[in-house]
1. Quick test for you: out of B:THR314, B:THR294, pick the one residue that is over 26 Å from B:ASP417 (Cβ atoms), modelled with pLDDT of 75 or more and surrounded by fewer than 17 Cβ atoms within 10 Å (Cβ to Cβ).
2. Consider B:LYS45 against the criteria (1) farther than 27 Å from B:VAL141 by Cβ; (2) more than 23 Å from the chain's Cα centre (by Cα): it satisfies all of them except one. Which criterion is unmet?
3. Quickly run through the range A:124-136 and pick out the residues that are more than 8 Å from every other protein chain (Cβ to nearest Cβ) and either buried (at least 21 other Cβ atoms within 10 Å of the Cβ) or of a type in the set (S, T, N, Q) (or both).
4. Are there strands (runs of 3 or more DSSP E) fully within the range B:84-160 with at least 1 residues that are at pLDDT below 85, within 13 Å of chain A (Cβ to nearest Cβ) and crowded, with 23+ Cβ neighbours inside 10 Å? List them.
5. Report whether or not B:ASP321 is surrounded by 15 or more Cβ atoms within 10 Å (Cβ to Cβ) and closer than 30 Å to B:LEU416 by Cα.
6. Of these, B:ARG215, B:ARG189, B:ARG179, which one is surrounded by 14 or more Cβ atoms within 10 Å (Cβ to Cβ) and without any contact (Cβ under 8 Å) to a residue 24 or more places away in the chain?
7. If B:PHE242 passes every condition in (1) assigned to a helix (DSSP H, G or I); (2) modelled with pLDDT under 65 but one, which one does it miss?
8. Out of the residues in the range B:52-74 that are outside any strand (DSSP E or B) and over 14 Å from the mean Cα position of the chain (by Cα), which is surrounded by the fewest Cβ atoms within 10 Å (Cβ to Cβ)?
Amino acid sequence: MSSSTASSVVGMDQTELFKATVRTLKLRRKKQGAAALSPGPSSSPSHQRTPSEFATLARDVVAFISKLQAFLLKHRKNYIDSARHLLGGGSAMSDSERDAIDSEAQKFIEGSLDRINSLRTRLNDNVTGAQMSQYRQSVFESLQDYLKKVANLYSEQRAIRIKRIVDRKRTSRLQPEKYRRLLGSTGCGRTSRSSFETSSGLRTIDREPSPAQHQLPDNDDCDSSDPGEGGREERGVRGEDGSSGTTLRNRWRRRGTGGGGRETSGNLATSSQFSQDSHLTEKERTEFAEENEQLLEHVTTMVDEVRQIEGRVIEISKLQGLFSQKVLQQAEQLESISRTTVEAAENVSEGNEQIKGVSYPCNILYHCIFELTL
Amino acid sequence: MATSGPPTSYQNVLRDKQIAALKRMLNLNQPTPRGSVAASEPVWKVLIYDKFGSDIISPLLSVRELRDLGVTLHLQVDAGREQISDAVAVYFLMPTAANVARICQDCRAQLYDKYYLNFVTAIPRPLLEEVAKASLEADCVPQIGKVYDQYLNFISLEDDFFVLRNQMLGEVSYYALNRPDASDEEIQRICDSIVECLFSVFVTSGTVPIIRCPRGNAAEMVAQALDKKLRDNVRDPRNSMFTGDSTAIAQLSFSRPLLVILDRNVDLATPLHHTWTYQALVHDMLNLDLNRVTLLTADDEPPPSPTSSPQQRTYDLLHSDRFWEQHRGSPFPAMADAVQAEVDRYKTSEEEMKSLKSAMGVDDDESEDSDLLTDKTSKLGSAIKSLPELMEKKKSIDMHTNIATALLEQIKERKLDVFFEMEDRMISKSSLDKTVLDMISDTAAGTPEDKMRLFIIYYILSPDIAEADVVQYTSALEAVGANTAPLTYLGHWK
């Protein structure tokens with residue numbers, strides 16, 4: 001038995017004995033009270049007590065929060081373990097699904113908060129004494145505690161997910177520099193996809209057992225782009241990206257200092273401390289989550305810009321090819337013109353010679369014309 | 001009258017078992033779910049107890065823990081109680097006639113929605129019938145959820161220390177047992193109640209002990225009665241407490257605990273001996289009761305905590321307080337040094353925090369020196385995390401400092417160290433520097449009780465004292481105002 005550490009045999013349940021006693025008493029009464037039936041059982045009304053409004057409302061809130069908890073727990077395994085399942089091809093939970101779960105949970109939590117607040121207004125209805133009001137106060141507080149515990153579940157999940165994203169970004173950020181260095185040395189002209197994905201390939205070469213969860217979520221996380229053309233462009237893009245990566249990091253660092261000692265940014269380099277953030281309040285967690293979302297957006301927009309620039313550079317190169325062709329044509333034409341001119345000049349000078357030898361008066365005229373034309 | 005309890009092996013801690021039983025009771029005797037992640041739905045209960053029940057619960061569960069278990073209100077059974085018709089009521093009482101009458105009254109008045117009756121020890125048949133009758137009359141039988149005999153009739157003060165009761169101690173004291181005019185029935189009654197409590201101990205721990213006792217006195221009576229009760233219970237397979245899952249049976253066969261029952265007469269000197277260790281001093285001087293101490297503070301102290309009246313401060317000396325666990329057996333000087341060391345350590349950590357605070361303020365503009373800043377931020381982060389711990393430590397240090405100061409005052413006033421030393425020497429049969437007579441006539445030292453204690457120890461330990469000497473001592477004692485009645489008893493006793 002799972003609960004066998006504590007002795008499961010403690011005390012004696014006398015309920016059966018009690019019920020048996022009640023039954024015997026009833027029988028005895030029936031025998032005795034067969035004569036005196038008048039003040040019999042009809043006098044005691046069935047105690048159907050309608051529970052007070054407060055109680056029904058409180059029960060409702062509890063049911064609502066429990067639904068939220070069930071919902072969270074159902075998806076929790078998938079939510080957290082999705083990265084590992086991806087390897088085995090199991091039920092992967094895409095980011096959009098996770099976002100959907102997050103927004104659902106948020107709505108639920110807000111709904112519960114609303115209900116609890118409405119309960120607060122009902123706290124003092126129909127209060128029949130000090131003990132009653134104290135009881136209601138405690139009920140109210142315990143509802144808040146329950147909601148807090150369930151909301152903790154939600155924020156834990158979220159924190160784990162965001163931590164993963166941040167870790168991924170962090171490790172992938174380190175890659176562009178490394179890749180550039182390697183390119184310089186080996187001069188490889190890979191026609192591969194976006195920087196993040198190639199870096200995943202490199203990572204398996206560079207650092208040995210990288211956790212699988214880093215590899216594949218990269219595929220998941222970054223949108224795949226069109227294959228770049230030519231190593232030259234790739235290098236250009238990489239250089240761009242590497243620099244954007246470092247500027248990102250600087251920007252993150254600066255934000256960290258601006259945040260006044262916030263743990264996340266200061267500890268981007270040592271993500272181990274992130275795991276100790278279970279003591280952060282929910283408010284802080286949501287703040288961090290928002291900040292991380294913003295950073296994520298920022299990075300995504302930068303990736304888009306980079307791709308645009310890539311396209312434009314390709315166009316420019318095409319145009320330049322055209323331009324060089326045209327220039328070559330022009331050169332040829334110029335050359336033919338010059339040849340033609342040279343021939344013409346020669347012809348004219350020959351003609352000049354011939355005319356000189358023929359007749360004097362016309363000579364002078366022709367000479368003049370030829371001289372003029374030369 | 002505390003007897004040696006079961007050994008504290010890895011799972012056998014009596015206190016934990018008692019806590020588990022209480023929690024189970026508060027969970028309306030439903031098995032507690034073992035899900036670690038999920039929070040369970042709160043069920044709101046009102047806990048109603050009598051003095052016995054409150055003594056049992058108060059060293060084990062704090063109000064905070066009760067809240068977590070869903071107890072919204074806790075009330076005395078005798079207090080005026082109002083109708084709270086949505087609540088489930090959990091009663092935890094001794095099965096006395098008065099309590100049962102009160103329960104019946106509640107049923108008739110329809111105070112609560114459901115009633116869960118838990119009796120500290122087995123409810124006798126007639127009283128059960130009383131309850132049945134009353135509930136039938138009030139027609140609230142379906143509302144009585146459960147009737148349970150909890151068999152929790154003992155108070156666990158620490159992991160390896162329990163006492164049998166804290167109420168009405170006069171009824172079961174040594175005096176009651178041993179006074180010359182005690183009738184047989186009274187003695188029998190006292191033995192029965194002791195047997196009952198011990199039986200609860202063994203039911204809770206789930207083991208049947210091997211019982212050993214000396215012959216010829218009250219201890220033998222208790223031992224025999226307990227033995228009989230245990231045998232009867234084990235023999236009856238239907239109702240036995242001790243058949244359960246396999247681990248309980250394994251405990252039966254491999255490691256039955258040894259129960260040694262001794263009569264106090266074996267060693268009268270020790271309870272009278274003046275003490276020198278921390279916990280014993282607190283118990284002696286400051287009335288440590290159920291792990292709680294109340295100090296009367298002097299006028300010039302800072303304003304007290306909200307829970308105490310202006311001149312009193314109540315402290316709980318708990319299992320979870322690390323300092324207490326470490327030093328409760330240490331002699332007073334060692335304990336005082338330890339408190340001082342703790343205070344110093346706390347001061348240094350406070351200094352660190354302060355310096356960190358100022359450093360953070362200065363370096364806010366440095367954005368380039370990110371490594372240094374990361375360092376500082378992480379330091380600040382860890383400082384923030386350790387803040388609640390530091391607060392706890394401070395509270396505990398304050399408490400121990402106050403207690404130590406109070407003890408010191410008393411010791412100085414009553415010259416208890418001298419008493420202790422003398423008694424120690426007497427017990428170890430080495431020579432004394434002051435004679436007992438000097439001590440007794442020394443008006444600056446100690447209350448008359450202290451002197452009485454000293455003399456009694458002396459009397460007990462020295463087998464051959466001349467009559468004349470005794471008379472001399474008696475007159476000296478009377479001169480300082482001590483009550484010499486105990487001496488007559490001791491005369492008989494010897």
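1. Numbers: B:THR294 fails: over 26 Å from B:ASP417 (Cβ atoms).
When all the criteria are applied, what remains is B:THR314.
2. (1)
3. First, the residues of the range A:124-136 that are more than 8 Å from every other protein chain (Cβ to nearest Cβ): A:124-127, A:133, A:136.
The answer is A:ASN124, A:ASN126, A:SER133, A:ARG136.
4. Values: elements: B:88-93, B:114-119, B:144-149, B:155-158.
Qualifying strands (runs of 3 or more DSSP E): B:144-149.
5. On the way: surrounded by 15 or more Cβ atoms within 10 Å (Cβ to Cβ): yes; closer than 30 Å to B:LEU416 by Cα: yes.
Judged against the criteria, B:ASP321 is a match.
6. Values: B:ARG215 fails: surrounded by 14 or more Cβ atoms within 10 Å (Cβ to Cβ); B:ARG179 fails: surrounded by 14 or more Cβ atoms within 10 Å (Cβ to Cβ).
Just one listed residue meets the conditions, B:ARG189.
7. Tallying (1) assigned to a helix (DSSP H, G or I); (2) modelled with pLDDT under 65, B:PHE242 fails exactly one: (1).
8. Keep residues of the range B:52-74 that are outside any strand (DSSP E or B), which gives B:52-70.
This time we only want the ones that are over 14 Å from the mean Cα position of the chain (by Cα), so: B:63-70.
Numbers: B:VAL63: 10, B:ARG64: 7, B:GLU65: 15, B:LEU66: 19, B:ARG67: 16, B:ASP68: 16, B:LEU69: 19, B:GLY70: 22.
Going through the qualifying residues, I end up with B:ARG64.
The values are calculated or read from the model by the stated rules, or taken from the named source; none is laboratory data. For clarity, every value in this text was computed on a predicted model and none was experimentally measured. Heads up, the Cβs are rebuilt from the backbone with ideal geometry, glycines too, and the neighbour counts pull from every protein chain shown.
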